[in-house]
Amino acid sequence: MAEGGPPPGGPQGRGFGRGFLTEEEKANRPKVTGALIRRVLSYLRPYWKQMLLVLAAIAVSSAFSLAPSVLTGRIIDEGLIGQDFRALVTLILLSLAVTLAANLIGVIESYLNSWIAQHITYDMRNTMYAHLQQMSQSFFTGHKQGDIITRMTSDISGVQQTISGTLASILSNTITLIIALAAMYQKNWMLATLGILIIPLFIIPTRSAGKTRWSLTREAQECSDEINGILNETLSVSGQLLVKLFGKEAAEYARYEAANRRMVKLNIREGMAGRWFRVALSTFASIGPMLLYLAGGILIQRGDPTLTVGDITVFVALLGKMYGPVNQLLNIQVDWIRSMAMFTRIFEYLDMPVDIQNAPDAIIPGQDEATGSPPHGQAKNQAEGQVCFEHVCFSYSPERQILKDVSFTLEPGKSIAIVGPSGSGKSTMVHLIPRLYDVDSGSVRFDGIDVRKLDLGYLRRNIGIVSQETYLFNGTIRDNLLYANGTASEAQLEAACRTANIWDFISSQEKGLDSLVGNRGLKLSGGEKQRISIARVLLKDPALLIFDEATSALDSISERKIQDAIDPLIDSRTSILIAHRLSTILAADEILVVKDGQIVERGTHEDLVGAGGVYTQLYETQFRLGKTQER
């Protein structure tokens with residue numbers, strides 16, 4: 001990790017263009033406290049033995065990397081000027097051996113450093129993923145998906161750079177400077193002091209040019225983001241179709257060409273800024289050695305017996321070794337702030353409380369408390385599917401209450417339809433049953449037990465939901481079906497697909513169950529995706545089936561096929577249906593009419609249709625219109 005390259009290698013690499021904070025970074029600069037530092041170091045604690053090896057390797061590697069510079073003085077004085085051939089060969093071989101050793105130790109140090117960084121980020125990714133998996137649905141609806149993914153990927157990957165880059169850089173550069181300064185002062189304190197005073201001549205142009213190029217880099221990045229935005233908008237499937245339909249090809253080309261031209265100009269300016277920087281850097285980098293040669297020559301000519309030509313050469317070599325470490329240490333504050341900002345963002349998510357989790361004494365019905373096994377002759381996790389809402393109130397935020405004193409009971413084997421205007425709380429009601437959210441007051445009972453007391457795994461295994469927005473993973477039909485039951489046989493897969501009225505479609509495909517569905521199921525129609533989702537839920541074999549407007553966004557033919565799949569399921573299983581479709585509602589044993597978060601009417605279709613209430617209005621505006629269209 002030690003810096004040994006000649007200037008301008010240091011600033012052009014790590015220090016150049018990175019040593020400045022953006023305005024956003026300055027505004028969001030984290031507060032670095034002792035507690036934060038201790039928490040960061042806690043991730044290093046399990047690997048303290050490896051860290052000690054890294055420290056030892058850095059120290060030895062830094063010392064060995066400077067040794068050839070010191071040996072150069074002896075090569076000149078003893079081997080060349082002293083004309084001692086044996087000493088010359090010995091010193092050259094020793095210099096080569098030390099260089100090889102430094103490189104080999106550097107490889108070991110890099111491996112250990114990378115190993116530690118990878119394992120720490122591995123731990124952090126696992127911890128973060130496990131934590132996010134436990135977060136309630138409100139977390140995912142209240143946070144941007146892109147922000148969640150960024151915390152999981154970019155921020156944690158940045159931690160790896162912090163460990164393998166920032167921390168190692170501080171250690172290696174500090175050790176290199178200490179050893180170099182000790183060696184210089186051991187030779188001659190006057191030349192050592194002069195060398196230190198020369199260093200700012202190198203640093204000043206580095207930081208000045210760095211600010212200019214950093215500004216140009218930011219502008220170029222903004223322009224690149226604009227270009228990427230244009231490409232994403234206009235070259236996507238939907239975007240390209242819109243461009244063609246509105247005849248905007250020329251306008252979009254002009255927009256892209258203008259942004260592309262700005263990028264070219266910025267890149268030219270950035271390249272020239274770097275060119276002038278390198279000219280200044282090369283000039284200043286040569287001033288230091290020249291001044292050392294001048295001062296050393298004066299001292300030798302005045303008869304200083306402690307100074308030799310080889311010593312002056314050593315000073316020049318060590319001065320070159322110091323440029324990079326000094327520049328990097330001056331810029332390390334920026335890297336440190338960025339590192340702490342990433343840790344702060346990660347800890348912010350890790351510190352978010354898990355709203356919905358198992359109670360310490362969570363119940364798994366049918367399981368013997370002493371043995372953890374079901375009683376003899378009873379199937380494990382067997383449920384009946386009874387649902388009871390008792391005076392349930394719920395709100396997503398204090399400003400707006402969604403459900404108000406909702407009470408009803410669904411007996412095993414029966415079905416209930418929930419209808420009402422959009423936004424009345426229908427979907428919210430069914431989301432409370434598997435504890436995607438928890439009630440504010442009242443209780444939701446499953447088989448007579450408050451769902452907050454039930455084991456979450458048991459509860460959710462016994463509830464199957466088919467929603468309006470079907471989600472399929474990017475894989476095969478088989479992959480998506482097996483997601484519900486990884487041990488399902490071919491016969492079980494076929495039976496579930498036949499029940500869901502999708503087997504004819506699957507068998508007509510060239511690869512059958514192994515046909516790809518595409519990203520989010522885009523290779524399938526809405527009706528096909530919905531029926532596959534029904535088959536997937538059937539393979540789960542839940543005690544309670546919930547259909548959350550499963551047919552509302554489909555055409556009449558697809559709706560009919562799905563309805564043909566749903567009808568027999570309603571007859572054979574405990575079911576809840578949220579729907580606007582007349583045929584679905586008629587199949588239910590009871591209808592609950594919800595308005596403004598309250599059950600305002602309940603009964604059968606015959607009871608409600610002539611009552612003149614909300615259900616009658618829904619029937620008049622939706623169901624009768626649907627019948628007219630069907631004719």
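What to note about this one:
- Cα-projected label distance for L80 with R39, points at 7 Å along beta-carbon direction, nm: 5.7 nm
- Potential extension, E469-Q145 segment - 0.36 nm per residue separation minus Cα distance: 114.9 nm
- Pairwise FRET efficiency - S525 versus M290, Cβ, R0 = 56 Å, nearest 0.05: 0.10
- Over all pairs of different C-alpha atoms, the range 96-166 has a mean inverse distance whose reciprocal, the Kirkwood radius, equals 14.4 Å.
- The share of C-alpha pairs in the range 135-193 whose separation exceeds 19 Å stands at 60 percent.
- Take the Cα of C393, go 7 Å toward its beta carbon, and the backbone nitrogen atoms of the range 440-459 under 16 Å from that spot belong to 440-444.
- 3J(HN,Hα) couplings calculated from phi for the range 135-141 with the Karplus curve 6.51 cos²θ - 1.76 cosθ + 1.60 (θ = phi - 60°) are, in sequence order, 5, 6, 4, 5, 5, 6, 7 Hz; Gly and Pro show x.
- Alpha-carbon centroid distance for the pair the range 78-135 / the range 413-454, whole angstrom: 60 Å
- Summing Lys and Arg as +1 and Asp and Glu as -1 over all other residues whose Cβ lies under 10 Å from the Cβ of R460 gives a net charge of +2.
- Projecting label points 7 angstrom from Cα along Cα→Cβ for S422 and S236 puts them 2.1 nm apart.
- Where labels lie 7 Å past Cα in the beta-carbon direction, separation of K31 and S508 in nm: 6.5 nm
- Förster-model FRET efficiency, 51 Å R0, T409 and K49, C-beta, rounded to 0.05: 0.25
- 16 Å tail of the calculated P(r), the range 43-166, as % of Cα pairs: 71 percent
- Förster-model FRET efficiency, 41 Å R0, D438 and T604, C-beta, rounded to 0.05: 0.80
Bear in mind these aren't lab numbers, they're just calculated from the coordinates by the rules spelled out. This one's a predicted model, so the numbers in the text were calculated from it and none came from an experiment. FYI the Cβ positions are ideal-geometry reconstructions off the backbone, even for glycines, and counts take in every protein chain you see.
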